[in-house]
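S.K.: Input: one structure, supplied below.
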Amino acid sequence: MTVTWEELGWERLAAGVGRCRLPGWDCTAGLVLGAGAALMVDAGSGLAEGARLRAQAEELSGGRVTHLALTHPHFDHVLGAPAFAGAEVYGAVGLDAALSRGREELRLDAVGNGLPAADADEAVDALAPPGHLVSGEWTLDLGGGRQALLADVGPGHTAHDLAVLVAGSPKVVFCGDLVEESGEPQAGPDAVPSRWPDALDRLLALGGEDALYVPGHGAVVDAAFVRRQRDALATRFGVS
């Protein structure tokens with residue numbers, strides 16, 4: 001018996017494409033299904049959450065998660081990555097160095113936001129840098145005519161922001177935290193505010209007017225929402 005997206009608490013966005021909103025920080029995880037391959041977009045905030053995501057993805061795909069794209073180096077998006085053993089892991093160029101040199105900051109951020117210290121320690125210790133670094137664009141062939149375009153659209157929310165475009169009707173763009181719907185976009189110490197509006201221009205160029213834009217936190221939005229957020233960030237940070 002085939003399980004549906006909705007039965008597992010996921011939101012179906014298009015044929016073979018869905019996402020779920022994780023508890024705690026309302027963080028998005030995405031899934032793109034091909035023929036004999038599956039791409040997860042972001043991995044959750046710890047090993048247990050990552051394991052749950054992997055198990056659900058395997059139920060939905062009928063196979064294993066073969067690829068994992070990390071949209072940026074924040075704990076609620078990357079600390080579940082070690083649960084995806086055997087998957088090919090992708091990130092924006094420089095993500096490997098950011099994760100390697102920022103391990104203590106990652107742990108402190110996780111604990112400071114409420115992740116139990118033991119869980120944070122375990123996940124940070126197990127976290128490995130991505131094996132594939134995206135500079136510009138990288139197309140993944142997932143089989144069955146399904147492709148996913150990984151695009152290094154940052155810097156903006158961080159210095160290493162990756163977006164994922166899935167062609168189809170409609171197109172789906174996983175934005176990471178370049179776009180947030182459930183609150184104001186968060187500009188921490190690793191943000192590059194002067195470049196953030198440009199990153200959103202690149203995001204809009206990828207998806208166009210009719211795409212579904214999936215934020216790192218919150219409900220799915222349209223191009224008009226992304227454009228308004230782009231203009232608000234430009235005003236907030238004093239850039240054009």
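The values are calculated or read from the model by the stated rules, or taken from the named source; none is laboratory data. Computed from a predicted model, the values in this text were never measured in an experiment. So basically every Cβ, Gly included, is an ideal-geometry build from the backbone, and we count neighbours across all protein chains shown. The area values use the complete protein model at the heavy-atom level, side chains included, leaving out ligands, DNA and RNA. Shrake-Rupley method; radii C 1.70, N 1.55, O 1.52, S 1.80 Å.
S.K.: Can you give me the % of accessible surface on the chain that is carbon or sulfur? Probe 1.4 Å, all protein chains present, nothing else counted.
M.R.: In the chain, the share of accessible area belonging to carbon and sulfur is 51 percent.
S.K.: Would you mind working out the accessible area per residue for the chain, using a 1.4 Å probe, and quoting it in Å²?
M.R.: It amounts to 40 Å² per residue over the chain.
S.K.: Right, here's the next one. Once you put a point 7 Å from the Cα of S194 and another 7 Å from the Cα of V111, both along the Cβ direction, what distance in nm separates them?
M.R.: Taking the two extended label points, one gets 3.5 nm.
S.K.: Give the shape of the range 168-240 as rounded, prolate or oblate, defined through the alpha-carbon gyration tensor: a ≥ b ≥ c are the square roots of its eigenvalues, a/c under 1.5 means rounded, and otherwise the shape is prolate if a/b is larger than b/c and oblate if not.
M.R.: prolate
S.K.: Which of the peptides 42-50, 80-88 is most tightly packed, and how do the rest follow, judged by the mean count of other Cβ atoms within 10 Å per residue?
M.R.: Highest-to-lowest ranking by the protection proxy: 42-50, 80-88.
S.K.: Using the Cα centre of the chain as the reference point, and only Cβ charges (+1 on K/R, -1 on D/E), how large is the resulting charge dipole? Debye, rounded to the nearest 20.
M.R.: In debye, rounded to 20, the chain gives about 380.
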